[in-house]
Amino acid sequence: MEILKEQNNYLEIAFDLGTVNSVIVGGGNVLVDVPSWLGIEMESNRVCCKWDEARNMTGRNTTAVKIIQPMKYDGMSYNSVELLVLELILEAKKKCSISAVTKIGIGIPLDFTYGDRLVFREAFKNLGCNNVYLIPSPFAVAIAQGLNVNNVFGKMIIEIGGGKTQIAVICMGGIVVDKSIPVGGEALTAAIQEGLRINHNIKVSECTAEGIKRTSGTALVDMENPQAYYAVSGAHIVTAEQIEVKLSPNEIAEWLHEPLTKIENAVSNVLERVPPELFNDFAVDGIWLSGGGAMLYGLAERLSRKTKIKVKLVDETFYSVAQGVEMALKNLEENQFIIKL
């Protein structure tokens, strides 16, 4: 998708508020794409830094500043969500106008609770947004891919976000079988940190481990075209001496095996519960894989081997939820799964 630079007016604006990244789409263009991190000044409770600046302060901040990820479920509150939404809207207003009549859609996880709904309602209402709708993210992914979510044919979506993996089988505008587990991109990053600590006695930051995952991370040890080796340096846990080790993609794949196995088991659990008629639909058409965590090298192939069904990456993997939410807003009457906030 194109990242818009000039200002425009749109009737629909779509939000994908992720644990790690937040995206806003309007008019088929990316208006905002930023890390979901804020720095809060403790004394005044105001935002003193945000996005990359706040994320890069993690582990370096003083007691006067608290670094938060507002969309983390263990810390999500009305105040933190409102602060995040406010900053995102201010960013979006640099490129488009947002008024009380603008339709705002938000992609939500499958395990979105009534309490979460109240948090979102208060946050958006206090910012003057009265025309707000919630769209379950698996539907948004399917719509963005051009799939008809309201017909009788089954579609299976696997969405691997920062904090969780969601799996859903969709048919006739509803969810037939689903499962959500708290394993996502952040769990993969943490596995690399743990692997370095146990095997090489090096402690690295989350940002460093994320870089290793993006550059050399792989889901399989026997890839035909393996990722590059990665040289990482850090302080030895015991001696505090600066050391450097060269990581092979196979070693990283071994560290990622445990969280990836949990994702595989969740997918298998869903497949075991799918009615035979629907199973036959996506056994032919394939399973769609989306989300930032889905970009791990070799993951689609690993899941294909596990399920014996072709697993395919969706187009515009990072933006598919927001893109699908915007498309769903254009057909409110047709899409009965949309919830008015």
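Of the residues contained in region 106-120, none is found to be exposed (fewer than 14 other Cβ atoms within 10 Å of the Cβ) and charged (D, E, K, R). If the condition is being in contact with a helix residue (DSSP H, G or I) (Cβ under 9 Å, 6 or more places away or on another chain) and either in contact (Cβ under 8 Å) with a residue 24 or more places away in the chain or acidic (Asp, Glu) (or both), then region 46-64 contributes Val47, Lys50, Arg55, Asn56, Thr58, Gly59. All of Ser99, Ser80, Ser44 fail the test of being at pLDDT 85 or above, among the hydroxyl-bearing types (Ser, Thr, Tyr) and over 19 Å from the mean Cα position of the chain (by Cα), apart from Ser44.
Of the residues in region 247-263, at least one is closer than 22 Å to Gly107 by Cβ and in contact (Cβ under 8 Å) with a residue 40 or more places away in the chain.
Residue by residue, here is whether (1) part of a loop (DSSP other than H, G, I, E, B); (2) without any contact (Cβ under 8 Å) to a residue 60 or more places away in the chain holds:
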{"position": "Phe124", "(1), (2)": "no, no"}
{"position": "Gly128", "(1), (2)": "yes, yes"}
{"position": "Val141", "(1), (2)": "no, no"}
{"position": "Asn150", "(1), (2)": "yes, no"}
{"position": "Met156", "(1), (2)": "no, no"}
{"position": "Ile167", "(1), (2)": "no, no"}
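Regarding Asn269, is this residue farther than 16 Å from Ala191 by Cα, surrounded by fewer than 14 Cβ atoms within 10 Å (Cβ to Cβ) and not assigned by TED's automatic domain parsing to the domain that holds Lys308? When the stated conditions are applied, Asn269 does not pass them. Looking across region 234-246, the residues that are in contact with a helix residue (DSSP H, G or I) (Cβ under 9 Å, 6 or more places away or on another chain) and without any contact (Cβ under 8 Å) to a residue 40 or more places away in the chain come down to Gly234, His236. Here Gly234 passes the criteria (1) surrounded by 18 or more Cβ atoms within 10 Å (Cβ to Cβ); (2) under 23 Å from the mean Cα position of the chain (by Cα) except the one numbered (2).
The values are calculated or read from the model by the stated rules, or taken from the named source; none is laboratory data. None of the values given here were measured: they were computed from a predicted structure. For neighbour counting, all protein chains shown are included, and Cβ atoms are generated from backbone atoms with ideal geometry for every residue, glycine included.
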